[in-house]
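A.B. asks: Take a look at the following structure, please.
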Amino acid sequence: MLGKIALEEAYERTGLEEKSIREAKLYIAPADRERYMRQISDINGERVTLSNAHGIGYTVVSLTVPGIQGIADPAEAERIATETNNWVADQIKEKRDRMGAFACLSMHDPVQAGQELRRCVKELGFHGALLCNFQHAGPDGETYLFYDQPEYDPFWKVLCELDVPLYIHPAAPTGVIYEKLYAQRPYLLGPPLSFANDVSLHILGLISNGVFDRFPKAKVIIGHQGEHIPYDFWRINHWFEDVKKPISKEENGVMCKKTIYDYFKNNIWLTTSGHFSTATLKYVVSEIGADRLLFSVDYPYETIEDACGWWDNDAKAIAEAVGGVENYRRIGRDNAKRLLKLSKFHDSEAPVSL
């Protein structure tokens, strides 16, 4: 399929090779680290060449983990976020028919975060923002700021006014979380478990603490076909509706007003990033509909060859799984095109046939 859109695609600023090596040792097999190190620091060279070869028409890039959320000092986080947004805007400016970007933001101050997001969308032409889960804060970085609390309402207000999505991406556990949970289980770091645990906690916090009720037009994207949440929809919904909401009412607490299905069908989109399973995709589509899914790669942690090889070589089976060629095209291109308000881009009107 030509004209695919990919929107969980990481980069690292030049000059941070030591950090990239540390990340590679967590997530990349030893024999593959040379490729990763080359690709994570490349914005519009090899990335575009591979996209051309495998039918990706438009790529939205974002700062890799832990991003600005790993910077505990507010002033430093704000400075580096601004510098990074300006830097990546300059990197992609000559290829805007092929590339866009999500802003990175310091989330220490919700008002300042909204101001930087507005600047990035209005002045730099970005498509929204990507945050690496919660913001580390405090003198030792062990204060965790989650965006499901009322003090973040000014940020959500700006996000809705701009009508752009927020991508919530995982980051590796550190500090006390790492020591208590993963130090003796290091091979569960990242995609096997810790990523899904972190993001699912945050997403379910946004839902249960009423963020989408206060901001019904908020748009959130999560990767990896839902970070395990869709496979537990029934059980979560049962406990929310039959147990937690009555308890909340008894205690005069805050609890979401709708069902978990409602939020996933109206406020949340899922990408296929790093989860190239037709069977999984079929299940998720059956639960929340094909219009909530978006093709993505998770480059360079995963390869464009693997992601597109699955999507293109298994096209007939995928189309059958998601309800036909129209839904196949929607997931591969049209849903993201609508969500990101894209007009024409490379191969944006290419026909899709199986």
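The values are calculated or read from the model by the stated rules, or taken from the named source; none is laboratory data. In this text the structure is predicted, and so the values were computed from the model without any measurement. No Cβ is skipped: glycine too gets one built from the backbone with ideal geometry, and neighbour counts run over all protein chains shown. For accessibility, only protein heavy atoms count, side chains too; no ligands or nucleic acids. Shrake-Rupley method; radii C 1.70, N 1.55, O 1.52, S 1.80 Å.
A.B. asks: Of all beta bridges DSSP finds with both residues in the range 90-227, what is the antiparallel percent, to the nearest 5?
C.D. replies: Once the DSSP bridges in the range 90-227 are tallied, antiparallel ones form about 30 percent.
A.B. asks: I've got another one for you. Please give the length that would be gained between D262 and A53 if that part of the chain were fully extended, namely 0.36 nm times their separation in residues minus their C-alpha to C-alpha distance (nm, one decimal).
C.D. replies: 71.4 nm
A.B. asks: Once the Cβ-Cβ distance between R235 and E326 is put in as r, and R0 is 56 Å, what FRET efficiency do you end up with, to the nearest 0.05?
C.D. replies: Plugging the Cβ-Cβ distance into 1/(1 + (r/R0)^6) gives 0.95.
A.B. asks: Another question, then. Bin all alpha-carbon pair distances of the range 130-184 at 10 Å intervals from 0 and give each bin's fraction as a whole percent.
C.D. replies: Calculated over all Cα pairs of the range 130-184, the distribution is 20, 44, 25, 10, 1 percent.
A.B. asks: By the gyration tensor of its Cα atoms, with a ≥ b ≥ c the square roots of the eigenvalues, what is the shape of the chain: rounded for a/c under 1.5, prolate for a/b over b/c, or oblate?
C.D. replies: rounded
A.B. asks: How many Å² of accessible area per residue for the range 4-106, probe 1.4 Å?
C.D. replies: Result: 40 Å² of accessible area for each residue.
A.B. asks: Find, among the trypsin sites (Lys or Arg not before Pro) in the range 184-248, those assigned to loop by DSSP (not H, G, I, E, B) with at most 16 other beta-carbon atoms within 10 angstrom.
C.D. replies: K217
A.B. asks: Related question: With a 1.4 Å probe and every protein chain left in place, work out the accessible area per residue of the range 143-297 in Å², rounded to a whole number.
C.D. replies: Per residue, the range 143-297 has an accessible area of 44 Å².
A.B. asks: A further question on this structure: Whenever you get a sec, compute what percent of the accessible area on the range 69-109 sits on carbon and sulfur atoms (1.4 Å probe).
C.D. replies: Of the solvent-accessible surface of the range 69-109, carbon and sulfur hold 44 percent.
A.B. asks: Still on this model: For the range 15-85, just say rounded, prolate or oblate: build the C-alpha gyration tensor, square-root its eigenvalues into a ≥ b ≥ c, call rounded for a/c under 1.5, and beyond that prolate if a/b exceeds b/c, oblate if not.
C.D. replies: oblate
A.B. asks: Then there is this: In nm, to one decimal, how far is the D153 label point from the R96 one, both placed 7 Å along Cα→Cβ?
C.D. replies: 3.6 nm
A.B. asks: Carbon and sulfur: what percent of the range 158-271's accessible surface (1.4 Å probe)?
C.D. replies: Ligands and nucleic acids excluded, carbon and sulfur give 55 percent.
A.B. asks: Count charges around S62 for me, please; just the other residues with Cβ under 9 Å from its Cβ, Lys/Arg as +1, Asp/Glu as -1.
C.D. replies: Once positives and negatives cancel, what remains is -2.
A.B. asks: Straight-line reach from K157: which lysines fall under 22 Å, measuring Cα to Cα and dropping same-chain residues less than 8 apart?
C.D. replies: Here the lysines satisfying the reach criterion relative to K157 are K122, K217, K219, K257, K258, K265, K341.
A.B. asks: Over the range 189-313, how many percent of alpha carbon pairs lie in each 10 Å bin up to the one with the longest distance?
C.D. replies: Computed distribution, short to long bins: 12, 41, 32, 12, 3, 0.
A.B. asks: Here is a further query. Roughly speaking, what is the centre-to-centre gap between the range 190-254 and the range 38-86 when only Cα atoms are used, to the nearest Å?
C.D. replies: First find each Cα centre; the distance between them is then 28 Å.
A.B. asks: Taking square-rooted eigenvalues a ≥ b ≥ c of the alpha carbon gyration tensor, is the range 247-322 rounded, prolate or oblate, where a/c under 1.5 means rounded and, failing that, a/b exceeding b/c means prolate?
C.D. replies: In terms of gyration-tensor shape, prolate.
A.B. asks: Here is a further query. Report in % the part of the accessible area of the range 272-327 that belongs to carbon and sulfur, leaving out ligands and nucleic acids; probe 1.4 Å.
C.D. replies: In the range 272-327, the share of accessible area belonging to carbon and sulfur is 45 percent.
A.B. asks: Okay, next question. Provide the percentage of antiparallel DSSP beta bridges, counting only those with both residues in the chain; round to the nearest 5.
C.D. replies: 10 percent
A.B. asks: Taking the Cα centre of the range 79-214 as origin, work out the dipole magnitude from +1 charges on Lys and Arg Cβ and -1 charges on Asp and Glu Cβ, in debye rounded to 20.
C.D. replies: 360 debye
A.B. asks: Separation between the A279 and T143 pseudo-spin-labels, each 7 Å from Cα along Cα→Cβ, expressed in nm?
C.D. replies: That separation, rounded to one decimal, is 4.7 nm.
A.B. asks: Hey, what number do you get for the chain at 222 nm if only DSSP H runs of n ≥ 4 count, each worth -39500 (n - 2.57), divided across all residues, to the nearest 500?
C.D. replies: Taken over the chain, the calculation gives -12000 deg cm²/dmol.
A.B. asks: Taking the simple approach of a point 7 Å from Cα along Cα-to-Cβ for both D291 and K249, what is their distance in nm?
C.D. replies: Spacing of the two 7 Å Cα→Cβ label points: 3.1 nm.
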